[in-house]
Amino acid sequence: MRYVPRKLGNVLQEASRHFPAVVVTGPRRAGKTTLLRQLFPKAHYVLLEDPDIQGRIRSDPRTFLEELRPPVVFDEIQNAPELLSYVRTLIDAAPRRMGQWLFTGSQEAPPMQGITESMAGRAAILQLLPFSITESAKVNMLHGGFPEVLAHLKSRSLWFASYLQTYLDRISERTKAGLESARRKGVSLGRRRVLIDVERLKQLRAEGRSYKQIARELNCGVGTAFRASKTAA
């Protein structure tokens, strides 16, 4: 399928000239990766769904980033949110270098809200939806504007069925993973059991973060962050 210009393209290029980072969110298969790779062909591309890449990041995220030469496109950042604290450090070290860190993220993924909040002030947050009727004459109320559907209209029913099943499977996988993570990472605070990522908390404390910053990062109250730090010490 030939590339069809997106209305968000001009906004995205403008944002890359004024922000060190840009985060493009939106539903899966809306064309986020295609848009970024089309507009930034010289940027290094990193697919964060790759298990080998995820393993390298978990092992040594700092070295992983140091081996890359910006600009970099990180595809599906919700698979490696731990990278962001290191990216923020690099941005703060060179705040005038614009358009160096480019991210895509599926908006239905639970970590995305925390990701966009954690990059506030450092990144432009943009949303890409499927094609609109002003972008493609093939779009209509019957089959919408997902790029792959427009490219293969005869198989749209199969595409939508597969899309829905994949979406449901991902919800199931995340639910199971979340329950297992909660079981392993729960911190007992008095009579309550508060779900805190203990390893991430220890990492943030080692970096010298304040309790307010830790609370924002872990999406909990400042008091909870303080008590959890003491309990997990």
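A few remarks follow.
- Residue match in the stretch 105-115 (condition: at pLDDT 85 or above and farther than 27 Å from S210 by Cα): yes
Quick grid of which residues meet (1) of a type in the set (K, R); (2) buried (at least 16 other Cβ atoms within 10 Å of the Cβ); (3) farther than 12 Å from F103 by Cα:
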position: P27; (1), (2), (3): no, yes, yes
position: T33; (1), (2), (3): no, yes, no
position: Y45; (1), (2), (3): no, no, no
position: I53; (1), (2), (3): no, yes, yes
position: R62; (1), (2), (3): yes, no, yes
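- Restricting the stretch 1-25 to residues that are within 16 Å of the chain's Cα centre (by Cα) and hydrophobic (A, V, I, L, M, F, W, C), the residue that is surrounded by the most Cβ atoms within 10 Å (Cβ to Cβ) is V22.
- Segments classed as helices (runs of 4 or more DSSP H), wholly inside the stretch 153-233, with at least 3 members that are at pLDDT 70 or above and exposed (fewer than 11 other Cβ atoms within 10 Å of the Cβ): 156-185
- Residues in the stretch 74-98 that are in contact with a strand residue (DSSP E or B) (Cβ under 7 Å, 6 or more places away or on another chain) and in contact (Cβ under 8 Å) with a residue 40 or more places away in the chain were compared, and the one that is surrounded by the most Cβ atoms within 10 Å (Cβ to Cβ) is I77.
The values are calculated or read from the model by the stated rules, or taken from the named source; none is laboratory data. Note that the structure is predicted; figures quoted are calculated from it, not measured. A quick note on method: Cβ atoms are made from the backbone with ideal geometry, for glycine too, and the neighbour counts reach across all protein chains shown.
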